[in-house]
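Where a number appears in this text, it was derived from the coordinates with a stated rule and is not lab data. Here the structure is a predicted model, which means the values were calculated and not measured. Cβ sites come from the backbone with ideal geometry, for glycine too, and all protein chains shown count toward neighbours.
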């Protein structure tokens, strides 16, 4: 079941960007090696809206700027309730597999590098996260986004089932 939680406009949103990883890439030509840089960037308003982007350029700053622009075009809304996520979620992308679960207040973000950047940009303050398999930052960011985009809060469940919010909790 596809969940449509894309953000339509970015005009009134104050987004902060975070550089997740930067990589020097090489293209071998007949004239020698041509070096450029690849940057993966996560943007978020730390209140449930996040996006990721990939930028490639000859200079590091240009790659980061391109990644930020790409991230602003790829925004999703994540349900954040009392600083944590509504339920646990498992997702994988490529060789990376991520597991995120809600945590009690005061726990903090217990997650590694790429996952931490995504979760903090989303505004999640208390979460337990585990990454299995590949530690490739590109795939970890994409797997974390997939897990966050599949989260549903009680309001979304009630809407999808066409029932009242009270009926969702009664079972």
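For the chain, what is the percent of antiparallel DSSP beta bridges, rounded to the nearest 5? Before the final figure, lay out the partial values.
Numbers: 38 of 40 bridges.
Expressed as a percentage, antiparallel bridges in the chain total about 95.
Dividing the mean sequence gap of close Cα pairs (under 8 Å, 6+ apart) by how many residues the range 25-74 holds gives a relative contact order of 32 percent.
With respect to the chain, whose longest principal axis is taken over its alpha-carbon atoms, helix 137-149 is tilted by about 20°. Take the Cα of residue 87, step 7 Å toward its Cβ, do the same at residue 161, and the gap between the two points is 1.0 nm. In the chain, helices alone account for a calculated mean residue ellipticity at 222 nm of -8500 deg cm²/dmol, with every DSSP H run of four or more residues adding -39,500 (n - 2.57).
Of the listed values [x] 0.99; [y] 1.11; [z] 1.05, identify the label whose number matches Rg/Rh (Cα atoms, Kirkwood Rh) calculated from this model. Entry [z]. Computed on the chain, with alpha-carbon pairs under 8 angstrom and 6+ residues apart, the relative contact order is 20 percent.
Just order 43-54, 13-24, 69-80, 156-167 by mean Cβ neighbour count inside 10 Å, highest at the front, would you?
Details: 43-54: 21.7, 13-24: 15.3, 69-80: 18.3, 156-167: 11.6.
Answer by packing, highest mean first, reads 43-54, 69-80, 13-24, 156-167.
Site pair residue 105 and residue 135 shows an inter-label distance of 3.5 nm when each label is modelled 7 Å from Cα along Cα→Cβ. Which angle from 0 to 90°, rounded to the nearest 10, does the C-alpha axis of helix 60-72 make with the longest principal axis of the chain? Helix 60-72 sits at roughly 30 degrees to that axis. Ranked by the mean number of other Cβ atoms within 10 Å per residue, highest first, peptides 105-112, 33-40 order as 33-40, 105-112.
Among 81, 99, 155, which one moves the most in a GNM of the chain with springs linking Cα atoms closer than 10 Å? Largest GNM mean-square fluctuation: 155. If the chain linking residue 30 and residue 150 were pulled fully straight, counting 0.36 nm for each residue of separation and taking away their Cα-Cα distance, it would gain 38.6 nm.
Our note on the geometry: Cα centres of the range 103-171 and the range 43-61, 19 Å apart.
Please give the helix 113-122 orientation as an angle from the longest Cα principal axis of the chain, in degrees from 0 to 90, rounded to the nearest 10. Tilt of helix 113-122: around 50 degrees.
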